[in-house]
Amino acid sequence: FNFSASDIFTMPSAYETFGIAALEASACGLPVIAPQVGGLKSIIKHGMTGYLTVNRCPEAFMHYMEILLKNKQIRDVFGLNSRKHAMNFSWEKSTEDLIEVFEKILDEVVAWKLKPIFCFFIFEIKFFINISCYHIVTIHF
């Protein structure tokens, strides 16, 4: 799909686990219209990066499509916001967040004297994630 040829992105899914296509559209600077299902609720910020609609409501989709298609200024603002928000889902940010969670767990289990086991586990996770990120970055860029 060529996002650069689009003005908006709509995703009328009745069910969605995460919504990678919506995230890709956001990363390309498109406002997104989608139902409030699954991970779409975390990808789209209603009234800032696009619009969330009631599930299975074509009238709401049409309403928001009309607003965005008739107002380039709103499209542009939502597009910029959408791109910025999508960066919260980058591999680097996701890796940092995951490591932070493991480090918090590590701090909590010190009293149980399990620290060496968790240290090794976190080291392995960091190594694996960093290697994975390296490969992903080289593939995409």
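The values are calculated or read from the model by the stated rules, or taken from the named source; none is laboratory data. Computed from a prediction, not measured in an experiment: that's the story for all the values here. For neighbour counting, all protein chains shown are included, and Cβ atoms are generated from backbone atoms with ideal geometry for every residue, glycine included. We work out accessible area using only protein heavy atoms, side chains counted, and drop any ligands, DNA or RNA first. Shrake-Rupley method; radii C 1.70, N 1.55, O 1.52, S 1.80 Å.
Pick from segment 38-56 the residues that are in a loop (DSSP other than H, G, I, E, B) and modelled with pLDDT of 95 or more: which of them is most open to solvent (accessible area, probe 1.4 Å)?
That would be Met48.
Any idea which of Lys113, Lys93, Lys104 is on the phi > 0 side of the Ramachandran plot and modelled with pLDDT under 90? Step through it out loud before you land on a result.
On the way: Lys93 fails: on the phi > 0 side of the Ramachandran plot; Lys104 fails: on the phi > 0 side of the Ramachandran plot.
Of the residues listed, the single one that is on the phi > 0 side of the Ramachandran plot and modelled with pLDDT under 90 is Lys113.
Report, by residue number, each residue of segment 1-37 that is over 19 Å from Ala60 (Cβ atoms), open to solvent by 40 Å² or more (accessible area, probe 1.4 Å), assigned to a loop (DSSP other than H, G, I, E, B) and out of contact with any Gly (no Cβ under 7 Å at 6 or more places or on another chain). Passing the criteria: Phe1, Asn2, Cys28.
Scanning segment 74-102 for residues that are surrounded by 15 or more Cβ atoms within 10 Å (Cβ to Cβ), under 14 Å from the mean Cα position of the chain (by Cα) and of a type in the set (A, V, I, L, M) yields a single hit, Ala86.
What about Ala22, is it of a type outside the set (Phe, Trp, Tyr) and within 12 Å of the chain's Cα centre (by Cα)?
Numbers: of a type outside the set (Phe, Trp, Tyr): yes; within 12 Å of the chain's Cα centre (by Cα): yes.
Judged against the criteria, Ala22 is a match.
Every condition in (1) modelled with pLDDT of 95 or more; (2) of a type outside the set (Gly, Ala, Ser); (3) under 17 Å from Ala25 (Cα atoms) is met by Asn71 except one, and the failing one is (3). Looking at segment 73-85, which of its residues are out of contact with any strand residue (DSSP E or B) (no Cβ under 8 Å at 6 or more places or on another chain) and free of Cβ contacts under 8 Å to residues at least 60 places away in the same chain? Across segment 73-85, the qualifying residues are Gln73, Ile74, Asp76, Val77, Gly79, Leu80, Asn81, Arg83, Lys84, His85.
For segment 33-51, give me each residue that is hydroxyl-bearing (Ser, Thr, Tyr) and closer than 20 Å to Glu66 by Cβ.
Just the residues of segment 33-51 that are hydroxyl-bearing (Ser, Thr, Tyr), to begin with: 42, 49, 51.
Result: Thr49, Tyr51.
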